[in-house]
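One structure is given here, and the rest of the page talks about it.
Every read-out reported here was derived from the displayed coordinates using simple, explicitly stated rules and does not represent laboratory data. Small disclaimer: the values here were computed from a predicted structure and weren't measured. All Cβ positions, even for glycine, are placed from backbone atoms using ideal geometry, and neighbour counts span all protein chains on display.
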Ligand code: GLU
């Protein structure tokens with residue numbers, strides 16, 4: 001096998017969907033596994049639906065996922081090339097000008113609808129004589145260019161995931177390769193590009209299987225070598241319908257904004273349809289995936305997206321895998337957006353070090369870490385009622401006194417201090433922890449209160465407890 005070259009060819013008509021991201025990842029892993037090249041090609045021939053903003057976000061999201069490309073192309077910059085190849089096909093008789101108007105085509109479609117058969121172009125303009133063509137051109141009639149599809153031929157290919165596929169050309173009619181406005185269509189440019197870019201393996205979603213025979217015919221007509229194809233099964237939602245917006249967040253961007261780790265999303269998406277050789281194992285670094293990934297291990301049936309599983313995997317990355325400094329760097333913008341003061345990076349780092357096992361995403365982190373950053377909060381009336389108790393007040397007063405003597409600076413020291421209070425006042429542990437938690441956070445649950453007391457600066461602890469005591473006594 002020569003050098004492997006694969007590509008990811010998104011159309012910039014929306015945010016990067018999880019399914020497309022998985023296609024990009026598989027294509028990338030396959031290239032890297034074989035020491036080959038991975039190419040990013042923006043397919044923006046549809047001028048109306050393509051948007052710069054989507055192109056930018058696709059590029060950003062791919063880079064965020066850790067996918068690096070060796071070459072970059074944009075189809076809108078290659079129109080001259082496509083027209084050159086369209087001319088070649090006209091000259092060799094593999095394509096012909098079609099003067100049918102949109103109304104005429106619509107009429108054909110309508111007839112097919114009435115008969116309940118799939119639409120196929122009638123091939124009317126296929127039979128125009130050269131003189132007729134010249135005449136119509138002279139009259140200035142707009143024309144498209146259609147590919148002349150051989151009749152009743154079975155096009156076969158061995159898909160590297162789906163196996164043997166055979167489709168008869170009678171299932172589709174002569175298809176347009178250049179529209180009457182001069183813009184070339186997907187099934188044509190994809191072949192010109194994949195051939196000229198030396199793509200050896202076309203890896204893409206299975207929704208493109210019906211396009212593949214058309215493309216094979218174009219390869220043959222242009223005398224290009226046909227690449228290998230691998231069509232990936234769709235991703236389904238929990239209800240086993242195709243994963244879509246109905247299932248909640250489906251764009252890479254949404255997960256990024258929710259505070260998912262790119263490494264976790266990359267890892268999780270790989271498990272959607274690919275079975276690692278070592279059964280039972282689920283956590284893999286990118287390097288390991290590059291080493292292990294083979295197309296033969298991609299399942300040919302659909303994979304089901306499970307958000308809870310992704311969330312769990314994200315928590316594993318946050319808790320155990322991401323280096324603390326990286327976690328800090330990623331957490332800061334989330335904390336800043338919540339309005340927290342993060343100027344003391346050492347403090348934030350310490351907080352993360354002790355609390356990283358208590359949230360699954362960075363947006364959840366923002367909520368959970370509030371007591372570490374926010375001094376002003378309301379205490380609900382029923383919680384006041386709990387604090388307004390002789391023992392609770394005694395606990396808070398003694399705690400304050402102890403803090404004045406020496407502020408515990410580790411969770412262990414905090415626990416020791418709680419034991420001392422417990423002994424002195426003869427109270428059970430919940431009677432100590434609950435009033436402290438309410439006074440320091442305004443809540444009855446959340447991150448470990450021992451961690452909060454150990455890390456929160458002394459003056460803040462004092463301020464929060466005093467504020468409560470002032471109201472109680
Ligand atoms: N632009 C096409 C898409 O986004 C690319 C299909 C292909 O990979 O050939 O579906």
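Structure above, values below:
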quantity: Relative contact order (%) - criterion: Cα under 8 Å, at least six apart; region: segment 134-266; calculated: 21 percent
quantity: Cα-projected label distance for residue 206 with residue 384, points at 7 Å along beta-carbon direction, nm; calculated: 6.2 nm
quantity: Label-to-label distance, nm, for residues given as residue 115 and residue 138 (7 Å Cα→Cβ offset); calculated: 3.5 nm
quantity: Shape call, segment 286-360: gyration tensor on alpha carbons, a/c limit 1.5; calculated: prolate
quantity: For segment 69-142: rounded, prolate or oblate by the Cα gyration tensor [a/c cutoff 1.5]; calculated: oblate
quantity: Full-extension gain in nm, residue 154 to residue 472, via 0.36 nm per residue minus C-alpha separation; calculated: 105.8 nm
quantity: Centroid-to-centroid separation of segment 1-68 and segment 193-209 [C-alpha atoms, Å]; calculated: 12 Å
quantity: Computed lengthening from residue 3 to residue 427, 0.36 nm per intervening residue step minus Cα-Cα distance; calculated: 145.3 nm
quantity: Difference of contour (0.36 nm per residue) and Cα-Cα distance, residue 171 to residue 341; calculated: 54.8 nm
quantity: Mean separation of Cα contacts under 8 Å (6+ apart) over length of the chain, as relative contact order %; calculated: 13 percent
quantity: Residue 297-residue 63 FRET efficiency (beta carbon distance; Förster radius 30 Å; 0.05 resolution); calculated: 0.70
quantity: Which of 51, 434 has the fewest Cβ neighbours within 10 Å, and the rest in rising order; calculated: 51, 434
quantity: Part-to-part distance (alpha-carbon centres) for segment 280-318 and segment 130-149, which is given in Å; calculated: 52 Å
quantity: Residue 393 paired with residue 101, simple spin-label distance in nm, labels 7 Å along Cα-to-beta-carbon; calculated: 9.3 nm
quantity: Segment 327-363 versus segment 103-125: alpha-carbon centroid distance in Å; calculated: 61 Å
quantity: Sequence of 54, 28 once ranked by neighbouring C-beta atoms within 10 Å, starting from the fewest; calculated: 54, 28
quantity: Share, in percent, of DSSP beta bridges within the chain that are antiparallel, nearest 5; calculated: 50 percent
quantity: Residue exposure sequence - 23, 410 - by fewest surrounding Cβ within 10 Å; calculated: 410, 23
quantity: For the chain, calculated [θ]222 nm from helices alone, where every DSSP H run of n ≥ 4 adds -39500 (n - 2.57); calculated: -14500 deg cm²/dmol
